[in-house]
Amino acid sequence: AEHRTDVHYERGALAFDAAAPALALEELELAERWARRLNMTEARWMAEQVRAAALMRLGRRAEAEASMAGMEAEARRADPCTRANAMHARVGITFLRVESGDPVASREIDEAARAVRRAAALFTGACARPSSAADAYITLALLELRRGRTQAARDAIESARAALPRMHFDLESWVVEAEARLALSEGRRQEAARRYGALRARAEDALHREAAWRAAWGEAESAADAASRVDALERAEAQLEAELSEVPLGEGRDTLASRRSRTAAALVEAYLARGDDEAAFRSARRARIRALRSFARRGRLEQLPGAERRVWHAALGRYRQGRAELDAELSERWTVPTRDLPAFDAEARERSRRLRRALDEAYRALGPADPVAAASPPPGAMVWLAQRLSRGWALFAREGESLSVARRADDPPVDPTPLGDWAFAPFDDAIDRASQVVLLEPGELASRGLHAASWRGAPLASARPVLRGLDLESASTRRGESGRVLLAIDPQGNLAGARAEHASFAESLSDRAETLIGEAADRVAVLDGLARASVFHFAGHGAAGPRGWDGALRLAGGTELTPADVLASVSVPATVILSGCETGRTEAQAEGVQGVGIAPAFILAGADT
């Protein structure tokens, strides 16, 4: 068992070094579990440290910080090596926040620099670990550059190389980047560009997507002219798209896209500066939907060769069987003693993650998604799109072949009247001509209620039909019976209003409806009905959860319908009506991109509306 802990840890560490954070999480969670069972404290903390870094790479900062806070509290009474690891890991969280562009106070950066200097001293003294020492010095060098202390950064780089003359590529990539940033900060732009170019070439050869993205961003920052900058940013965007395709379902694809959104913003700005509004609009659309493209099934399943189609169906079969078994156990949760509930729930969450991996295997069988999958707007519609820039916003309005662009220096206001002026005033005539308005909102604007913002003195939605699109073509070649309606009403038996809602239209449906009320509306019955219906109407409770993938429709018997369940469905109705709180919410942290939630999952699986 002790060696099993080591094997899982080393696999996780290797996966992390190879820029495969989702695989690293899977192995490190197993290492942590075995280490905890055997009371191997240092091994557990080492696994937690790398796991926190992997979570940060996926944009799951809150989980990473919670893990490190618990580790720090324990480490105060521990040996020097454990204290140094905890200190360095905590600094690593701050450093990755800085790298992701999060607002970090200078006081925090100063404290992090002092802490990592102490960790480096321990790694070269009481806890001699050359690799950890080099890692700490590299972090120190990059923090010192953020503080504008170039000589201190140079000293730290030299200390890193002296501590570990031969490094693995992940560590070496950060040293090269520190050297390139140092050159750039001292005005040696040509040398910086050369170093970044060499780093990108090595990273691409090693299939290290994250390092290749960092290097391409550095090339853009050190570019000698506008054309070179655009080329470098396009390379960075291509690396990010390739990296996203390797992140399994529900493991942070949308948050990772959001954390790397600065290259998309810079690319849009670069195209606008060149006067190429069309390229800017295309880049903004691509950045918004790229975390979703590989989930869209349109036409891909029908084109699969026989072997790949069998892989798809086998993987979906494993998912559905596993979900059914898990649901059966969850329905008996009420029988679990209170003291055992935390362990029971943790095991249920782990099994859900494993089931998502089976679904991910099915989607890999579909092959790569089309490079461009943007939707064609309905005839007569005006498409409105917002893209955050490094300073301010770019607003786009597409009307047929015509494209208009407006810049906003300030952030959008909250109140409906000024919000409407901010968003719609530049496009007043286009809205007047439009038969409907399609809003392609970034996540941070979705909660503002743009459909209710004022246009000509009244809410926009009172004057024009408003659609919120995923901006992906979605069509299913397999539909339920035309006119068949599936009703799932008040599954948890505590919403009298939902039953009244059902009563108001049930009579008009006559024999076209299959009605599941209360206890009859469990997961098995709803999934069975979805395959036959062309319309699905849900009236009950929804829940978004901390991440979009945690969202669900709450069904009877403690069961639920999740985004993964929808994506694993044989077919879904063309029209889906979700009359429940939080059923439209996706990923709260994925501000610049469209994330997966229960409503987008229906569209991705083939629903039209």
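The values are calculated or read from the model by the stated rules, or taken from the named source; none is laboratory data. Since the model is a prediction, treat every value here as computed from it, not as a measurement. Using ideal geometry, Cβ is built from the backbone for each residue, glycine included, and neighbour counts are taken over all protein chains shown. Surface accessibility is based on the protein's heavy atoms, side chains included, excluding ligands, DNA and RNA. Shrake-Rupley method; radii C 1.70, N 1.55, O 1.52, S 1.80 Å.
State the number of residues belonging to region 88-147 that are within 17 Å of Ala162 (Cβ to Cβ), open to solvent by 20 Å² or more (accessible area, probe 1.4 Å) and part of a helix (DSSP H, G or I).
Residues meeting the conditions: 8.
Given Ala35, Ala64, Ala73, which one is part of a helix (DSSP H, G or I), of a type outside the set (Asp, Glu), at pLDDT below 75 and within 26 Å of Asp6 (Cβ to Cβ)? Working first, answer last.
Numbers: Ala35 fails: at pLDDT below 75; Ala64 fails: at pLDDT below 75.
So the residue among Ala35, Ala64, Ala73 that is part of a helix (DSSP H, G or I), of a type outside the set (Asp, Glu), at pLDDT below 75 and within 26 Å of Asp6 (Cβ to Cβ) is Ala73.
Please verify whether region 201-214 includes one or more residues that are surrounded by 23 or more Cβ atoms within 10 Å (Cβ to Cβ), touching a Lys or Arg at 6+ places or on another chain (Cβ under 7 Å) and closer than 24 Å to Val268 by Cβ.
Yes, there is a match, as at least one residue in region 201-214 is surrounded by 23 or more Cβ atoms within 10 Å (Cβ to Cβ), touching a Lys or Arg at 6+ places or on another chain (Cβ under 7 Å) and closer than 24 Å to Val268 by Cβ.
Only one of these is more than 25 Å from the chain's Cα centre (by Cα) and over 15 Å from Arg57 (Cβ atoms): Ala264, Ala206, Ala215, Ala224. Name it. Step through it out loud before you land on a result.
Numbers: Ala264 fails: more than 25 Å from the chain's Cα centre (by Cα); Ala206 fails: more than 25 Å from the chain's Cα centre (by Cα); Ala215 fails: more than 25 Å from the chain's Cα centre (by Cα).
Answer to the selection: Ala224.
Scan region 326-340 and give yes if some residue there is at pLDDT 80 or above and of a type in the set (Lys, Arg), otherwise no.
Yes, region 326-340 has at least one match.
Which numbered condition trips up Ala13, out of (1) assigned to a helix (DSSP H, G or I); (2) open to solvent by 40 Å² or more (accessible area, probe 1.4 Å)?
Every listed condition holds for Ala13 apart from (2).
Going through Arg194, Arg154, Arg188 one at a time, which residue ends up being farther than 20 Å from Leu233 by Cβ and open to solvent by 70 Å² or more (accessible area, probe 1.4 Å)?
On the way: Arg194 fails: farther than 20 Å from Leu233 by Cβ; Arg154 fails: open to solvent by 70 Å² or more (accessible area, probe 1.4 Å).
Step by step, each of Arg194, Arg154, Arg188 is checked, and only Arg188 is farther than 20 Å from Leu233 by Cβ and open to solvent by 70 Å² or more (accessible area, probe 1.4 Å).
Could you look through region 388-402, keep only residues that are open to solvent by 60 Å² or more (accessible area, probe 1.4 Å) and over 17 Å from Asp429 (Cα atoms), and pick out the one that is nearest to the chain's Cα centre (by Cα)?
The selected residue is Arg388.
Go through region 410-529 and tell me which strands (runs of 3 or more DSSP E), entirely inside it, have 3 or more residues that are at pLDDT 80 or above and open to solvent by 20 Å² or more (accessible area, probe 1.4 Å). Break it down into steps so the answer makes sense when it comes.
On the way: elements: 436-440, 466-468, 485-489, 513-517.
So the answer is 466-468, 513-517.
Collect the residues in region 256-285 that are assigned to a loop (DSSP other than H, G, I, E, B) and touching a Leu at 6+ places or on another chain (Cβ under 7 Å), keeping them in residue-number order. Even if it seems obvious, please write down each step before you answer.
Initially, region 256-285 is screened for residues assigned to a loop (DSSP other than H, G, I, E, B), giving 260, 274-276.
Within region 256-285, just Arg260 meets the criteria.
For region 46-67, how many residues meet the condition of being over 21 Å from the mean Cα position of the chain (by Cα) and either open to solvent by less than 10 Å² (accessible area, probe 1.4 Å) or without any contact (Cβ under 8 Å) to a residue 40 or more places away in the chain (or both)?
Going through region 46-67, the residues over 21 Å from the mean Cα position of the chain (by Cα) turn out to be 46-49.
Restricting the remaining residues to those that are either open to solvent by less than 10 Å² (accessible area, probe 1.4 Å) or without any contact (Cβ under 8 Å) to a residue 40 or more places away in the chain (or both) gives 46-47.
Count: 2.
Which of (1) open to solvent by 20 Å² or more (accessible area, probe 1.4 Å); (2) over 30 Å from Glu204 (Cα atoms); (3) not β-branched (Val, Ile, Thr) is the odd one out, the single condition Glu27 does not satisfy?
Result: Glu27 passes all but (2).
Among the residues of region 543-564, which ones are in a loop (DSSP other than H, G, I, E, B), open to solvent by less than 10 Å² (accessible area, probe 1.4 Å) and modelled with pLDDT of 85 or more? Lay out the reasoning, then the answer.
Here is the first cut: in region 543-564, the ones in a loop (DSSP other than H, G, I, E, B) are 544-547, 551, 555, 559, 562.
Checking the rest, the ones that are also open to solvent by less than 10 Å² (accessible area, probe 1.4 Å) come to 544, 551, 555.
Within region 543-564, just Leu555 meets the criteria.
Checking the conditions here, which among Val336, Val405, Val383 is open to solvent by 40 Å² or more (accessible area, probe 1.4 Å) and of a type in the set (Val, Ile, Thr)? Give the steps one after another, and end with the answer.
On the way: Val336 fails: open to solvent by 40 Å² or more (accessible area, probe 1.4 Å); Val383 fails: open to solvent by 40 Å² or more (accessible area, probe 1.4 Å).
Criteria check complete, one pass: Val405.
List pairs: first residue in region 267-285 and under 18 Å from Arg235 (Cα atoms) and free of Cβ contacts under 8 Å to residues at least 12 places away in the same chain, second residue in a helix (DSSP H, G or I) and of a type outside the set (Val, Ile, Thr) anywhere in the structure, Cβ distance under 7 angstrom, at least six positions apart or on different chains.
Ala279/Tyr271
Taking the stated definitions as given, is Trp312 of a type outside the set (Gly, Ala, Ser) and open to solvent by less than 30 Å² (accessible area, probe 1.4 Å)? So that I can check it myself, show each step before the final result.
On the way: of a type outside the set (Gly, Ala, Ser): yes; open to solvent by less than 30 Å² (accessible area, probe 1.4 Å): yes.
Taking the combined requirement at face value, the residue satisfies it.
Which of the residues spanning region 565-583 are among the hydroxyl-bearing types (Ser, Thr, Tyr) and either assigned to a helix (DSSP H, G or I) or open to solvent by less than 20 Å² (accessible area, probe 1.4 Å) (or both)?
Here is the first cut: in region 565-583, the residues among the hydroxyl-bearing types (Ser, Thr, Tyr) are 569, 571, 575, 579, 583.
Ser569, Ser571, Thr583, listed by residue number.
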